[in-house]
1. Scan A:Ser96, A:Ser91 and give me the residue that is assigned to a loop (DSSP other than H, G, I, E, B), hydroxyl-bearing (Ser, Thr, Tyr) and at pLDDT 90 or above.
2. On the given criteria, is B:Thr138 crowded, with 21+ Cβ neighbours inside 10 Å and either assigned to a strand (DSSP E or B) or not polar (S, T, N, Q) (or both)?
3. Picking from A:Leu167, A:Leu155, A:Leu177, A:Leu162, which residue would you name as being within 17 Å of the chain's Cα centre (by Cα) and surrounded by 18 or more Cβ atoms within 10 Å (Cβ to Cβ)?
4. Hey, among the residues in segment B:97-128 that are within 17 Å of B:Gln147 (Cβ to Cβ) and either in a helix (DSSP H, G or I) or hydroxyl-bearing (Ser, Thr, Tyr) (or both), which one's farthest from the other protein chains (Cβ to nearest Cβ)?
5. Restricting to segment B:141-173, and then to whatever is within 14 Å of another protein chain (Cβ to nearest Cβ) and surrounded by fewer than 16 Cβ atoms within 10 Å (Cβ to Cβ), can you tell me which residue is nearest to B:Leu40 (Cα to Cα)?
6. With the requirement that a residue be of a type in the set (A, V, I, L, M, F, W, C) and within 9 Å of the chain's Cα centre (by Cα), what does segment A:180-196 give you?
7. May I ask you to list the residues in segment A:213-224 that are closer than 20 Å to A:Ser159 by Cα and either facing chain B (nearest Cβ under 9 Å) or in a helix (DSSP H, G or I) (or both)?
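The values are calculated or read from the model by the stated rules, or taken from the named source; none is laboratory data. Since the structure is predicted, the reported quantities are computational estimates derived from the model, not experimental observations. Cβ sites come from the backbone with ideal geometry, for glycine too, and all protein chains shown count toward neighbours.
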Amino acid sequence: MEDSIGKVVIPGDILQNLDEKKGKIKVTVGPGLIRDGSHIAVTKSGILRHREPSVFWVDCHQKRYVPARGDNVIGIVTAKQGDVFKVDIGSSEPASLSFMAFEAATKRNRPNLNVGDCVNAKLLVANKDCEPELVCIDSYGRSSGLGILPNEGFLLQCSIGLVRQLLRNKFNVLTFLGKAIQYEVAIGMNGRIWLHCHTVRETIAISNAICRSELMSDEEVQIMSKKVVDSLQGFE
Amino acid sequence: MSCLKQSNLRGFACEQSCLTRSDGSATFNQGCKEKATEQLIKSTCETVLLVALHPRTAVVIVLQEMQNTGSLLSCCINACCQALMDAGINMRCLVCAVTTTVDQEGHIILDPTSKQEEDGKAVLTFAFDSKTNGVIMTTTSGIYSSQEYQECLLSAQHASAKIFEFYRDSILKKLSRVS
């Protein structure tokens, strides 16, 4: 298993025969891997990643989001049913968001959320058997960046792989662009990025740069960001 | 399931003993070749997808025929497999399909053209899984002996290994630029 880290794996590959290693080994399998009897088998095609001490998963470039508990997502409110909002997060079912799940919300003090608004929320309940549930507060009751996103922003949809790349790499297209352009960004694990800049021109430039950086190496990303910044500031 | 192609009638197919409780039963398909092909592709995909991880959801596969120069069913199944891999749906293993035809002299032709399929005595399509290289789907039309069936199966199995290698190479190329 250790020799496949960083390499491309395809569904059906057997990674480790657990019977071979006697004694206690604890392996945590993430998305893309499954325990199949006495083997660990791959179920998605992608690159095998590893985090100390024993967490393995497959990084897959997919577009469809499958909800997972604890993910930060950006959703669009589609309906209001009594005390609960129905939010579209790109999964097979719309998620529910209770009006009490906002900072300082009480029965009298309801959040100012309407159909069509964007929210930055965290998944509280997400499994295959029930409807996903969102909250806009953390366990201490503070919003910590979650909540309703202002209407002035621009919502961009991209693949899950790109979003994970942006969150994994410390120096990515966002940091390079941020050195010259001022902007606000919220990244949702469901492949949605909310962007807010001073002008429309900057918004378009940054969203194009983000989309193009998906299959580029670090050097290419740096060169591309420099070109974008130069053209925005008037130097061709 | 066996199929017969006749000149004035539409193609028909028949399956017997489908019901267990009755003394005898049969399903007869007349002229619904597309539906039968859809069912074949659907059941092949269902075998490899881990559907238990996604209850109450539907996976919709849309196949568009751009050009048909023979071996259409195996091309469809290969396209399905690639699309499912690209979508990132959990799969038990990969699947590939190979078409073979037995010509009038009894020779086996792999991956036949439309003309070779029409002129042949029988057309046999096999789908294999990547884990064990075992057969997961067979569909045949025409007249062939059991020895010819075995020969077709063996040559199709060898060909499937090449297709799986191609799948692996294509995904390696696609992900080679990502760190």
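1. Numbers: A:Ser96 fails: assigned to a loop (DSSP other than H, G, I, E, B).
The match here is A:Ser91.
2. No.
3. On the way: A:Leu167 fails: surrounded by 18 or more Cβ atoms within 10 Å (Cβ to Cβ); A:Leu155 fails: surrounded by 18 or more Cβ atoms within 10 Å (Cβ to Cβ); A:Leu177 fails: within 17 Å of the chain's Cα centre (by Cα).
When all the criteria are applied, what remains is A:Leu162.
4. Only one residue tops the list, namely B:Thr101.
5. Taking segment B:141-173 as the starting set, the residues that turn out to be within 14 Å of another protein chain (Cβ to nearest Cβ) are B:160-161, B:163-173.
Imposing the further condition that a residue be surrounded by fewer than 16 Cβ atoms within 10 Å (Cβ to Cβ) reduces the set to B:161, B:165-166, B:169-170, B:172-173.
On the way: B:Ala161: 21, B:Glu165: 24, B:Phe166: 23, B:Asp169: 27, B:Ser170: 26, B:Leu172: 29, B:Lys173: 30 Å.
Per the criteria, the residue is B:Ala161.
6. If we filter segment A:180-196 for residues that are of a type in the set (A, V, I, L, M, F, W, C), which is where we start, we get A:180-181, A:185-187, A:189, A:193-195.
Within segment A:180-196, A:Ile187, A:Met189, A:Ile193 meet the criteria.
7. Initial filter on segment A:213-224 (closer than 20 Å to A:Ser159 by Cα): A:213-218, A:220-221, A:224.
Matches in segment A:213-224: A:Glu214, A:Leu215, A:Met216, A:Ser217, A:Asp218, A:Glu220, A:Val221, A:Met224.
Yes/no per residue for (1) within 27 Å of A:Arg51 (Cα to Cα); (2) touching a Ser or Thr at 6+ places or on another chain (Cβ under 6 Å); (3) without any contact (Cβ under 8 Å) to a residue 12 or more places away in the chain:
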residue: A:Leu174; (1), (2), (3): yes, no, no
residue: A:Tyr183; (1), (2), (3): no, no, no
residue: A:Asn190; (1), (2), (3): yes, no, no
residue: A:Cys197; (1), (2), (3): no, yes, no
residue: A:Ser213; (1), (2), (3): yes, no, no
residue: A:Glu219; (1), (2), (3): yes, no, yes
residue: A:Ile223; (1), (2), (3): no, no, yes
residue: A:Lys227; (1), (2), (3): no, no, yes
residue: A:Gly234; (1), (2), (3): no, no, yes
